[in-house]
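Enquirer: Dumping the structure here so I can ask a few things about it.
The values are calculated or read from the model by the stated rules, or taken from the named source; none is laboratory data. Everything numeric here is computed off the predicted structure, so don't read it as measured data. Quick reminder, even Gly has a Cβ in these numbers, built from the backbone with ideal geometry, and neighbours come from all protein chains shown. For the accessible areas, the whole protein counts, side chains as well, though only heavy atoms, and no ligand, DNA or RNA atoms are used. Shrake-Rupley method; radii C 1.70, N 1.55, O 1.52, S 1.80 Å.
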Amino acid sequence: MEVGRRGNHVFRIRRPGGDNLGLTEGESVMSEHFDPYDFVRERQSVEQFQELTWTGSFEDYVNIVLRQPTVTRNAFQRMYDMILSHGVEDFIEFKKKIYRYRFFEDPIDDGADGIFGLEVPLMKLVGFFRAAAQGYGAEKRVLLLHGPVGSCKSTIARLLKKGIEAYSRQPEGAMYSYSWRMDLESDHLDACPMNQDPLLLVPIEIRDNFIDALNEKHGQDYRIKVEGDLNPYCQRNYDELMLRYNGDWTSVMRHVVVRRLVLSEKDRVGIGTFQPKDEKNQDSTELTGDINYRKIAEYGSDSDPRAFNFDGEFNIANRGMVEFIEVLKLDVAFLYDLLGASQEHKIKPKKFPQTSIDEVIVGHTNEPEYRKLQKNEFMEALRDRTVKIDIPYITKLDDEVKIYRKDYSEKKVRRHIAPHTLDMAAMWAVLTRLEPPKKADLSVLQKMKLYNGKTLPGYTSDNIRELRKDTEREGMEGISPRYIQDKIANALVSDRAGNSINPFVVLNELESGLRHHALLKTDEERERYREMLNVVKEEYEQIVKNEVQRAIAADEEAVSRLCSNYIDNVKAYTQREKVRNQYTGQDEEPDERLMRSIEEKIDIPESRKDDFRREIMNYIGALALEGKQFNYRMNSRLMKALELKLFEDQRDSIKLTSLVSSVVDKSTQEKIDIVKQRLIQKYGYNEESATDVLNYVASIFARGASNKS
Ligand SMILES: Nc1ncnc2c1ncn2[C@@H]1O[C@H](COP(=O)(O)OP(=O)(O)O)[C@@H](O)[C@H]1O
Ligand SMILES: [Mg+2]
């Protein structure tokens, strides 16, 4: 066997006939079980390929427009329709109707860039597109996404780009441009460099009438409206052909090949991105195109459009969208390009007249940058020409958790993630973002829980809305999801982690990272963040204590017995009857002590007990009407209360604290193993994390016991 070498790479040289991987002559490596051609053929749509590469004459295009006038929509209408095409749902939060646009869940990419929470800012964003689509003036503004670092601004821009890309491939999102065949004998085509609509080729003095005629003819609701002028390159070709044919437009149109336009960021078609480099290195040609020096010799002049590349971001993004990353880092000299582009829908390539554009301009900027520049000349000019939408951090715990669940599912990281690990990291992140409540009797933790939908006595939906309103910059400061993501990633690769990570490993990472956190402005802030870590640790202690207690008590028969006992009492209580004592057969008053000892486990105050009991009876009654029977698992709060009560009753029968001592007797060990199994089966632990958490809770109890003594 011969061996070849390329750099460090060694490979086997195969000769026809020989060295054939042990196959007999004539048999190919391709097995019967896998035919690559079939495999691809079955998954590829030839029809779609043909649709997306469709070409035709100008007349063909006019027929398409008559059938589907929306192919002529402008960039804002298209963006708006694209978002709506994915559907919208609504829900009520704190008595307010909120719309959720499914598009932002990233259906195009299976949720890869899905956005959680942020419904309200996204409603504003969609409102902007709606106003712009209807031509109310928003289409003359730069859309500025503004927020702290890591608040999802780039993700939103990325989604919009992906969205219009995918939409342009759909039949309902179809759009068209054209190429020139200057020499009818040749197959050579020159594409319109700015993806313009073929209707712009209708002579300007006739265009309005032409469009009116189309609108009359198609008989649909949509009104076609074509704005702007041909770009200089196409204008030159057009003029040359008009001269060649002595003003016969029909002959000129024989040189036009209309084609389906498919937007693609990768191919720089209809989607542009501009990222300012260092300040001295900015060059306007990146935005509006550049002279092609090689071609000047050929065409004799640097003002011949054929010697110019219309390939700046504004040019190529025409009919789609251009994103300005860190837009406030843009050199002031470009400001005017940007403002003209938004206000007038015109750009000015070097040496050429102003050129029409039709594209959505989205800029984003980080909050600190924005504040720095607030008094700057740049901002003055920009302020009333932008629509600023604040993109804050998430302040609702359940939404924040979703970010990390998506990034760090066990399947993805191939590690066990102990229950509550991601939740605790998320909880800390949210806590650092909340402003301390002005009411002295409300802690930050309680405020976080209220925001998260938990009820607290004395707090109504209106109160919670007021709490939200009564803040200055809530959501604009605090720890970013990116910091949390980085630290979770660190925890996953650290030696300590082993095969699993737990809240302690992650909370330690979060804490040690604070020492070098670049965005922390003051020591006070750092201190506050540390304090919040302690709040999280205490909360975690509560949660796992509860969980272990419930696992200990989760003897189904016992819970079920306690449940029916409780329900019998509640029923008698609400109907003012007596309860039959099962042992004595005597009728007795409902056992208030028993009912309260259960209800107190889930913080039902004395003043709310009647409501709680009535709710339960109503629920049971409703079930009975449907012929169903109540079971304690149907009400998770009641279930929790029952389990905690049972735990209390049997606390002494299982000596968890003995776990922290080195000798455990056989019967205790057996009981502990049962609890461990419950933790694994019902609460998502594995052997290792269940052992850890039992030890941890045992140590808490040991501490508690010694505290008492
Ligand atoms: N509301 C949110 N929903 C989903 N992911 C979010 C959210 N906020 C932040 N992220 C995540 O945080 C990370 C940073 O987001 P990015 O869009 O780059 O922020 P920005 O551009 O605002 O600095 C991304 O991984 C993103 O998925
Ligand atoms: Mg960003």
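Enquirer: I need the full set of residues from the range 403-419 which are in contact (Cβ under 8 Å) with a residue 60 or more places away in the chain, of a type in the set (K, R) and away from ligand 1 (no atom under 11 Å from the Cβ), in order please.
Expert: Within the range 403-419, R415 is the sole residue that qualifies.
Enquirer: Can you tell me which of (1) open to solvent by 10 Å² or more (accessible area, probe 1.4 Å); (2) touching a Leu at 6+ places or on another chain (Cβ under 6 Å) is the one L84 doesn't meet?
Expert: Answer for L84: the failing condition is (2).
Enquirer: Taking the range 124-162 on its own, how many of its residues are among the aliphatic types (A, V, I, L, M), within 16 Å of ligand 1 (Cβ to nearest atom) and not in a loop (DSSP other than H, G, I, E, B)?
Expert: Here the count works out to 9.
Enquirer: Ok, one more. Starting from the range 123-145, keep only residues that are under 21 Å from Y222 (Cβ atoms), then list their pairs with residues that are within 14 Å of ligand 1 (Cβ to nearest atom) whose Cβ atoms are within a distance under 6 Å, requiring at least 6 positions of separation or different chains.
Expert: Pairs that qualify, where the first residue is under 21 Å from Y222 (Cβ atoms) and the partner is within 14 Å of ligand 1 (Cβ to nearest atom), are V126/Y101.
Enquirer: Could you tell me which of the residues T155, T250 is within 16 Å of ligand 2 (Cβ to nearest atom) and at pLDDT 95 or above?
Expert: T155
Enquirer: Filtering the range 114-138 down to residues that are more than 16 Å from ligand 2 (Cβ to nearest atom) and on the phi > 0 side of the Ramachandran plot, which residue is surrounded by the fewest Cβ atoms within 10 Å (Cβ to Cβ)?
Expert: Applying the filter and picking the extreme gives G137.
Enquirer: Somewhere in the range 192-201, is a residue touching a residue at least 24 places away in the same chain (Cβ under 8 Å), away from ligand 2 (no atom under 16 Å from the Cβ), out of contact with any Gly (no Cβ under 6 Å at 6 or more places or on another chain) and closer than 30 Å to K396 by Cα?
Expert: No, the range 192-201 contains no residue that is touching a residue at least 24 places away in the same chain (Cβ under 8 Å), away from ligand 2 (no atom under 16 Å from the Cβ), out of contact with any Gly (no Cβ under 6 Å at 6 or more places or on another chain) and closer than 30 Å to K396 by Cα.
Enquirer: Would you check which residues across the range 197-235 are within 15 Å of D358 (Cβ to Cβ) and open to solvent by 60 Å² or more (accessible area, probe 1.4 Å) and list them?
Expert: Listed by number, the residues that qualify are K225, E227, D229.
Enquirer: Of all residues in the range 346-402 being of a type in the set (D, E), in contact (Cβ under 8 Å) with a residue 60 or more places away in the chain and assigned to a loop (DSSP other than H, G, I, E, B), which is farthest from ligand 2 (Cβ to nearest atom)?
Expert: D358
Enquirer: Same structure again: Go through the range 569-590 and give me each residue that's open to solvent by less than 80 Å² (accessible area, probe 1.4 Å), touching an Asp or Glu at 6+ places or on another chain (Cβ under 9 Å) and either in a helix (DSSP H, G or I) or of a type in the set (D, E, K, R) (or both).
Expert: Of everything in the range 569-590, those that are open to solvent by less than 80 Å² (accessible area, probe 1.4 Å), touching an Asp or Glu at 6+ places or on another chain (Cβ under 9 Å) and either in a helix (DSSP H, G or I) or of a type in the set (D, E, K, R) (or both) turn out to be N569, A572, Y573, T574.
Here is a yes/no grid of residues against (1) touching a residue at least 60 places away in the same chain (Cβ under 8 Å); (2) under 31 Å from the mean Cα position of the chain (by Cα):
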residue	(1), (2)
G289	yes, no
I296	no, no
D304	yes, no
N318	yes, yes
V322	no, yes
I325	yes, yes
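Enquirer: On the basis of being touching a residue at least 40 places away in the same chain (Cβ under 8 Å), crowded, with 16+ Cβ neighbours inside 10 Å and not assigned by TED's automatic domain parsing to the domain that holds N490, does V544 make the cut?
Expert: no
Enquirer: Tally the residues that are part of a loop (DSSP other than H, G, I, E, B) and either crowded, with 16+ Cβ neighbours inside 10 Å or charged (D, E, K, R) (or both), restricting the search to the range 403-421.
Expert: The total comes to 6.
Enquirer: Separate question: Give me a count of the residues in the range 496-522 that are open to solvent by less than 40 Å² (accessible area, probe 1.4 Å) and not in a loop (DSSP other than H, G, I, E, B).
Expert: 11
Enquirer: Would you be able to say whether some residue in the range 371-382 is in contact with a Phe, Trp or Tyr (Cβ under 8 Å, 6 or more places away or on another chain), within 27 Å of A429 (Cα to Cα) and within 16 Å of ligand 1 (Cβ to nearest atom)?
Expert: no
Enquirer: Only one residue in F314, F308 is in contact with a Ser or Thr (Cβ under 6 Å, 6 or more places away or on another chain) and either within 16 Å of ligand 1 (Cβ to nearest atom) or of a type in the set (F, W, Y) (or both), so which one is that?
Expert: F314
Enquirer: Given (1) away from ligand 2 (no atom under 16 Å from the Cβ); (2) at pLDDT 95 or above, identify the lone condition not met by R141.
Expert: Among (1) away from ligand 2 (no atom under 16 Å from the Cβ); (2) at pLDDT 95 or above, R141 violates only (2).
Enquirer: Taking the options Y299, Y336, name whichever one is within 25 Å of N237 (Cβ to Cβ) and of a type in the set (S, T, Y).
Expert: Among Y299, Y336, only Y299 is within 25 Å of N237 (Cβ to Cβ) and of a type in the set (S, T, Y).
Enquirer: Further question: Scan the range 163-196 residue by residue and report those that are open to solvent by 40 Å² or more (accessible area, probe 1.4 Å), assigned to a helix (DSSP H, G or I) and within 18 Å of R102 (Cβ to Cβ).
Expert: Those that are open to solvent by 40 Å² or more (accessible area, probe 1.4 Å), assigned to a helix (DSSP H, G or I) and within 18 Å of R102 (Cβ to Cβ): E165, E172.
Enquirer: Which residue is most open to solvent (accessible area, probe 1.4 Å), if the candidates are limited to the range 611-646 and must be over 25 Å from V675 (Cβ atoms) and in contact (Cβ under 8 Å) with a residue 12 or more places away in the chain?
Expert: Only one residue fits best here, namely R614.
Enquirer: Filter the range 474-495 for residues that are touching a residue at least 24 places away in the same chain (Cβ under 8 Å) and not in a helix (DSSP H, G or I); which is most open to solvent (accessible area, probe 1.4 Å)?
Expert: By that ranking, first place goes to E477.
Enquirer: What single numbered condition from (1) within 30 Å of K329 (Cα to Cα); (2) in a helix (DSSP H, G or I); (3) open to solvent by 20 Å² or more (accessible area, probe 1.4 Å) fails to hold for N463?
Expert: Going through the list (1) within 30 Å of K329 (Cα to Cα); (2) in a helix (DSSP H, G or I); (3) open to solvent by 20 Å² or more (accessible area, probe 1.4 Å), N463 breaks only (1).
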